[in-house]
Amino acid sequence: MKEKIVARDTRIDLDFDDNDRARSLYGDLNRNLAAIEKVAGVRIQVRGNSLTITGLPHEVEMAASAMAQFYELIREGYPLYPQDVAYGLRILERTPTAVLRDIFLDRVYITANQRVVSPKTVNQKRYIDSIRGNDIVFGIGPAGTGKTYLAVAMAISALVGSQVKNIILTRPAVEAGEKLGFLPGDMAQKVDPYLRPLYDALNDMLGREKVLELIERGIVEIAPLAFMRGRTLNNAFVILDEAQNTSHEQMKMFLTRIGFSSKAVITGDITQVDLPAGKRSGLVEAARILKSIKGLAFCTFTDVDVLRHPLVQQIIRAYEKKEQKARRPGGRQ
């Protein structure tokens, strides 16, 4: 007869030395504490600046680590938002030894409305560090992981810091699984819908008027990938978005445009290729043949890095599960 081992609850007491910081940690109506209780599966009792965390040992340890680290972030002037609590808990669930300050306090850029752009996951931090340390970086992963947004923030930071003279944002003009038919207007108006996500990221960080000014001065350029042919891109921060929809020829053409004192970031989701059947994705091919080149880095994101609605993570996992099953011998689509 096997003996059944039942884990007993443990408790950890935490004391905070500042009333205002403790209130910021707890959140409005203790919402941050409620979120920690739900995610970590613990019980939290509050007594002014002190609190007691009770639950299973590993859950209590994670919750205590999270709260102590959130408090230190607040002490260092970080404005803790409810979504930061969710992001921090997600990091510590996967990487208990993670130091949140090293991630959240890495300020990439401060937007026009004074919002700090910083990494929110371990992979985002690696991505930012890879861009700083390499001339060409590939960011590969599902939608909502911040690949393009963080790349744009890094580009603006490099421009403001006089590390580059121009920002060039480009993407292939490929329709996402539907035929849009004839589009009216001149060339700029025809390709504008394909480039709208890049405009959105710029407008969010700089403000619409500043973006228009930089475009008019030729400092920021947003153009379809086809417009890159024949050019040499010197002293520029170049971002190729939606790179999974490049062909072999387009990817080779783009990578050989990079000139002196330039950086390039290539982003894409290899699970959402919209090329015609039988056409090779330039991004998939590049990930296979270029990994051994020094000065070039590949960063991979997963559903854990998705920073959209919580349901998006579950949706991505469901599709990945179905696609993995279909790839097995005898699997059905």
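The values are calculated or read from the model by the stated rules, or taken from the named source; none is laboratory data. Predicted model only: the values in this text are computed from it and were never measured. Neighbour counts run over all protein chains shown; Cβ positions are idealised from the backbone, glycine included. What goes into the accessible areas is simple: the full protein's heavy atoms, side chains included, and nothing from ligands, DNA or RNA. Shrake-Rupley method; radii C 1.70, N 1.55, O 1.52, S 1.80 Å.
Where in the chain are the DSSP H helices whose alpha-carbon span along the long axis reaches 24 Å or more and whose Kyte-Doolittle mean is at least 0.0? Those that clear 24 Å and a mean of 0.0 are 57-75. For region 1-148, what class follows from the C-alpha gyration tensor (a ≥ b ≥ c being the square roots of its eigenvalues): rounded when a/c is under 1.5, otherwise prolate if a/b is larger than b/c, else oblate? It is oblate, given that a/c is not under 1.5 and a/b is not larger than b/c. Selection among 256, 22, 301 by position relative to the dipole of the chain gives 256 as farthest towards the positive end (Cβ unit charges, Cα centre).
Rg then Dmax, both in Å and based on the Cα atoms of region 32-76: 10.2, 30.
For the chain, a Gaussian network of Cα nodes joined below 10 Å ranks 141, 161, 88 by mean-square fluctuation, and the top entry is 161. Taken along its three principal axes, the alpha carbon spread of region 255-305 comes to 36, 29, 18 Å, from the longest extent down to the shortest. Separation of region 200-263 from region 48-96 is 39 Å, based on Cα centroids. Of the options (1) 23.1, 80; (2) 19.0, 59; (3) 23.7, 76, only one is Rg and Dmax of the Cα atoms in Å as computed from these coordinates, and that is (1).
Quantify, in whole percent, the carbon and sulfur part of the accessible surface of the chain (1.4 Å probe; protein heavy atoms only). Result for the chain: 51 percent of the exposed heavy-atom area is carbon or sulfur. With the simple spin-label model, which puts each label point 7 Å out from Cα in the Cβ direction, the residue 31 to residue 272 separation comes to 2.8 nm. Suppose every K and R has +1 on its Cβ and every D and E has -1 on its Cβ; what is the size of the dipole of the chain about the Cα centre, in Debye to the nearest 20? In debye, rounded to 20, the chain gives about 1120.
The GNM of the chain, with springs linking C-alpha atoms under 10 angstrom apart, assigns the highest mean-square fluctuation among 127, 319, 81 to 319. Pairs spanning more than 31 Å between alpha-carbon atoms, out of 120/321; 120/291; 120/322; 125/279: 125/279. Candidates 128, 53, 66 compared by Cα position along the dipole of region 52-138: farthest toward the positive end lies 128, with charges placed on Cβ.
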